[in-house]
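Okay, so here's the structure we're looking at.
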Amino acid sequence: MVAPDTTNNTYKLEIDGSSCYEVGGSGVQTYTSAQDSAGTYFSTSSTNTSDWIHTQSNGSSLDVSLTSGAHTFKMIGDAPNVVVDRLVVTQDLTCVPQGTGDNCANPPDNTPPVVNVTAPTSGASVNNPVGVSVNATDDSGVVSKVELYVDDSPTAYNADTSAPYSFSVANLAPGAHKLVAKAYDPAGNVSSSSFVSFTVKDTTAPTNVIITSPTLGQTVSGTLSMSATASDNVGVTKFDFIIDNGTPLTVVSGSPGSTSLDTTTLSNAAHTLKVIAYDAAGNPSAPVTISFTVSNAAGGDTTAPTVSLSAPLNNAVLNADSATKPYNSKAYAVTAAASDASGVKQVVFKVDGTVKATDITAPYTYSLDLSTLSCGTHTISAVATDNSVNQNTATATATVKVTLAADIAGTLDCKVGLADFSVFGANYGKTAAVAGRADINGDGVVGIADWSIFGASYNKQLP
């Protein structure tokens, strides 16, 4: 503004028809007749002939809080020839207008947008193509664009200039990936979201399954070698070989996969072999099937399986006292190992000739309650049967003695008495390698722990 003289240098500012401020006072540039004749009261030169005034006549800064929406300013000079050239409304309370005042009317924007990836979430497992959603806001109210970067690429995968910001990322290889979004505002400020790590699922099944053995229509006998190949975008991990739609014989293997079959377990006739390949994600291939014929000599498989008892060993002494360390009287594990070229159909466990349990899956085992056995000698056996047409069998047997843990005399009499105490006392303090069964708890030395078990069992007798 400019004023005619130093005493007539204020004007009134009315806001919304109510608040009225007297603006001006000392420091207001007075104009000259030359300026009056030129009709110029404002200049953008370094020697302004007008002053920017931002204070009331009492010297305080004219800072006004306004609500959101439209407002009306009315300016009235207090004296003739008071000229108001320009009014600047700005949020920058510290800015001193220069020239035309645009430096205050448009303060610089140094605040970057806020941006985050809302989908996929971190750790998610997703399918191709990957849908990506981004949320971005800016204090100016405008986000000029959002860029998406995938797997540390220096080049943006794509950009979106309008909300809601979304992308579709195609052809990512199965496995781990990460992405980040960058948002820009009109002032050129940019910010980046946090990295989001995710996994692309493998949904592509193996293809090109080829059965390389046997060949289509081949006549086979004896042991048949079966093999197949397949391809996958990541890798083949296993094959199922299925005879006549029976139980699959699974081979955990990359391509090629192979296994063998005792054809004496099959009838002399036509049969089918179906093969299915799998990848690490569990995607199954389309099945491939061929036919072949079995022709074996009369009689078939007559070879018995092999079977052995891993526990108990022959002549073992089994303690029926549940307080002892080596054995638990109610859960002694009888274990057998069995094998056959045609496969093992089952293992039957017997105690003293009586069937107690049947197991069809290796490792073959049976939990025997020793407390149900009388004191003395017993026979434990495992009978294995193969998968051949003849169902050949083989038997493994172990003779054991069942007694109390503290029955440690040389001759087992199935009761704990003075004879056992004599053996225990003579071995007290010795190592188990010398002391034998006197090391009742099996800790390697005959000591106080064994005495505790012995004392608790004194006068006990096993039926």
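The values are calculated or read from the model by the stated rules, or taken from the named source; none is laboratory data. It should be emphasised that the depicted structure is a prediction, and the values quoted were computed from it without experimental measurement. Using ideal geometry, Cβ is built from the backbone for each residue, glycine included, and neighbour counts are taken over all protein chains shown.
Return the residues of the range 97-120 that are modelled with pLDDT under 95 and of a type in the set (Ser, Thr, Tyr); say none if nothing qualifies. Hits for the range 97-120 are Thr100, Thr111. Taking residues in the range 276-288 that are in the same structural domain as Gly254 (by TED's automatic domain parsing), and partners anywhere that are outside any strand (DSSP E or B) and surrounded by fewer than 16 Cβ atoms within 10 Å (Cβ to Cβ), the pairs with Cβ atoms closer than 6 Å and at least 6 places apart or on different chains are Ile276/Pro287; Asp279/Val234. Inside the range 77-108, can you point out the residues that are charged (D, E, K, R), in a loop (DSSP other than H, G, I, E, B) and loosely packed, with under 15 Cβ neighbours inside 10 Å? Selection gives Asp85, Arg86, Asp92. Consider the range 319-345 and keep the residues that are touching an Asp or Glu at 6+ places or on another chain (Cβ under 7 Å) and either crowded, with 19+ Cβ neighbours inside 10 Å or over 30 Å from Ser452 (Cα atoms) (or both). The one that is modelled with the lowest pLDDT is Ser329. Select from the range 268-284 the residues that are of a type in the set (Gly, Ala, Ser) and touching an Asp or Glu at 6+ places or on another chain (Cβ under 8 Å) and list them in ascending order. Scanning the range 268-284 gives Ala277, Ala280, Ala281. Selection of the range 287-311 for residues being part of a loop (DSSP other than H, G, I, E, B), at pLDDT below 95 and not aliphatic (A, V, I, L, M) yields Ser295, Asn296, Gly299, Gly300, Asp301, Thr302, Thr303, Pro305.
The condition of being buried (at least 21 other Cβ atoms within 10 Å of the Cβ), without any contact (Cβ under 8 Å) to a residue 60 or more places away in the chain and among the polar types (S, T, N, Q) does not hold for Thr259. Of the residues Pro256, Pro287, the single one that is more than 25 Å from Asn127 (Cβ to Cβ) and more than 29 Å from the chain's Cα centre (by Cα) is Pro256.
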